[in-house]
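Structure first, then comments.
The values are calculated or read from the model by the stated rules, or taken from the named source; none is laboratory data. A quick note: this is a predicted structure, and the numbers were derived from the prediction, not measured. Reconstructed Cβ throughout: ideal geometry from the backbone, glycine too, with neighbour counts over all protein chains shown. All accessible areas refer to the heavy atoms of the entire protein, side chains included, with ligands and DNA or RNA removed. Shrake-Rupley method; radii C 1.70, N 1.55, O 1.52, S 1.80 Å.
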Amino acid sequence: MADEHYELILRGKRIRVDDDGFVSLNDIYSVSGLRKKRVPYEWQRLQSTQDLIVALHDRITGKSRSSGFRTSRVYRAGVGAKGGSWAHPILAAAYAGYLKPELEVEMREVWLRYRAADATLADDILQRATTEQNEW
């Protein structure tokens, strides 16, 4: 996995995004404040999630599952310091919705503003940040 090089801020907390544009599901889980029963691993095992992974893979690659399907193009999990669960932004938003529907809406909004280089997003972040965070 590539090193993280940019991030999103959701509910005042950092959501890592790696060089491939994959979003940290572990960070989204942390922001949700939920207990262990909705961890990324459990979500990834659901049939509805597997169907979404296949559909997204097919859409991105233009290939069906039977011709060169590789989950790692849209979702990957690992262990260690660079481990955790990482997913394409569409899957990350779906995971956020699995946790809390309002979290999905918020994540989609922030992600779209971020990708559109909406300068007002930076202003919003600065206004919510503490004095120490703004000095940094």
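What the table shows:
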{"item": "Some residue of the range 76-83 being within 20 Å of Leu8 (Cα to Cα), modelled with pLDDT under 85 and of a type outside the set (A, V, I, L, M)", "result": "yes"}
{"item": "Positions within the range 2-25 being open to solvent by less than 60 Å² (accessible area, probe 1.4 Å), within 19 Å of Gly80 (Cα to Cα) and modelled with pLDDT of 85 or more, in sequence order", "result": "Ile15, Arg16, Val17, Asp18, Phe22, Val23, Ser24, Leu25"}
{"item": "Sole residue being of a type in the set (Lys, Arg) and on the phi > 0 side of the Ramachandran plot, chosen from Arg35, Arg11", "result": "Arg11"}
{"item": "Qualifying residue in the range 51-60 (condition: over 20 Å from Trp111 (Cβ atoms), of a type in the set (A, V, I, L, M, F, W, C), at pLDDT 80 or above and out of contact with any helix residue (DSSP H, G or I) (no Cβ under 6 Å at 6 or more places or on another chain))", "result": "yes"}
{"item": "Selection from the range 31-44 of residues that are without any contact (Cβ under 8 Å) to a residue 40 or more places away in the chain and either within 22 Å of Leu56 (Cβ to Cβ) or open to solvent by less than 70 Å² (accessible area, probe 1.4 Å) (or both)", "result": "Gly33, Val39, Glu42"}
{"item": "Candidate set from the range 98-109 (those that are within 11 Å of the chain's Cα centre (by Cα) and open to solvent by less than 60 Å² (accessible area, probe 1.4 Å)); member that is modelled with the lowest pLDDT", "result": "Met107"}
